[in-house]
Amino acid sequence: MTTGSLVLEPGQFEPPAGQITFLYLPAQDLFVRRAARLRQLANGHALGGYLQFLASLADTQQTALQRLPAPVLPAPDEQRLCRQHGMPLLSATTWPREPVWHEALSAILRQMSQIDLPVAAQETIRSLARQTPAYLERQAGLMLMEEWEELQPNEAPFIGAALQVYWLRLASALDAQTVGRLEPSGRCPVCGSRPVAGMVRGDGLRYLSCSLCSCQWHLVRVTCSSCRSTQGINLHTLHGADDPVRAESCDACNSYLKLLYLEKEGLLDPIADDLATLALDMLLEHEGFLNAGSNLLFHPGRGPE
Ligand SMILES: [Zn+2]
Ligand SMILES: [Zn+2]
């Protein structure tokens, strides 16, 4: 275990906010690249079987995404109203989900049922495929409200995967120019969800990656995503300074968020690399920090607001 200290001050190396691209919409081949990264990480990993399972799940997400029809977005005046009131356009908790996300789930379950999986996973897939729309809506609502203790842990990754497909399809149809910043800035400006992790790009800027819609939004570095404190921020790694995945902790609110350094490893993926570094979560939780991030494919830590 290595606990680092500050590597740069807030704003250092950063151009003025007006010159920074605030929001990146998700790429259409995101799940393809995620599956490739998961297979790369699985090689020789103690959780290799689990990461291979997630790679198959990402494959099915890509297929489901390609089958979804074009989404219906909020009307321009509704978008304007959201911006004026600092509300997310496609709020995870209030957006009227269209039943088409059930089709994404069915496609995911159908494909996963053709893969050689442990018996327990096969049973989960079979039972979820038989559930009523009302049951699925209730589970989705619980997940998006972060009521994780009410969810079946074995079903949650499939429901989360389908919701990610649906929200990515919605978000990728937006015009990034129409999305405004949101307070608190630790929440996705498009859907209001928590980030999975931060990504430090080659240009030195940090973007938080949404756990639901996969958008990435800018947040100045060495700033806590939960409470905006710039004091008492520390970096933690499992193996040392060359680790491409680190955790940034905040003494003010006792939270942490992982940071992925793209200049160290170009293929990093927020969800894949988060789940491949659960040992780092254990380290931070052992030190008394709560995860400010969320990962819909795995029970997330419930961090502070
Ligand atoms: Zn989002
Ligand atoms: Zn904080």
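The values are calculated or read from the model by the stated rules, or taken from the named source; none is laboratory data. Keep in mind that what you see is a predicted model, and the values were worked out from it rather than measured. Glycine gets a Cβ as well: all are built from the backbone with ideal geometry, and neighbour counts include every protein chain shown. Side chains are part of the model used for accessible areas, which takes the heavy atoms of the whole protein and leaves out ligands, DNA and RNA. Shrake-Rupley method; radii C 1.70, N 1.55, O 1.52, S 1.80 Å.
For the reader, a short list of remarks on this structure follows.
- Between segment 228-305 and segment 80-109, the Cα center-to-center distance that results, in Å: 27
- Distance in nm between pseudo-label sites at Arg181 and Gln66 (7 Å out along the Cβ direction from Cα): 3.9
- Assigned charges on the beta-carbon of Lys, Arg, Asp, Glu; segment 47-177 dipole about Cα centre (debye): 300
- Site pair His299 and Ala241 shows an inter-label distance of 3.8 nm when each label is modelled 7 Å from Cα along Cα→Cβ.
- Prolate/oblate/rounded label for the chain (Cα gyration tensor, a/c 1.5): oblate
- Global form of segment 172-281, assessed from the alpha-carbon gyration tensor, a/c cut-off 1.5: oblate
- Positive end of the dipole of the chain (Cβ unit charges, origin at the Cα centre): among Leu47, Pro153, Thr132, the Cα lying farthest that way belongs to Thr132.
- The calculated FRET efficiency for Ile115 paired with Thr93, based on their beta-carbon distance and R0 = 41 Å, is about 0.80.
- When the Gaussian network model of the chain links Cα atoms closer than 10 Å, the mean-square fluctuations of Pro99, Pro69, Pro153 top out at Pro69.
- Note on Glu265 and Glu287: with the Förster distance fixed at 22 Å, the Cβ-Cβ geometry gives a FRET efficiency of about 0.35.
- Relative contact order, whole percent, for the chain stands at 22, derived from Cα pairs under 8 Å and 6 or more residues apart.
- Within the accessible surface of segment 64-158, defined with a 1.4 Å probe on protein heavy atoms only, the carbon and sulfur portion equals 54 percent.
- Fully extending the segment from Tyr135 to Gln19, taken as 0.36 nm per residue of separation minus the present Cα-Cα distance, adds 37.2 nm.
- Peptides 58-68, 248-258, 22-32, 157-167, ordered by how many other C-beta atoms sit within 10 Å of their residues on average, highest first, read 157-167, 248-258, 58-68, 22-32.
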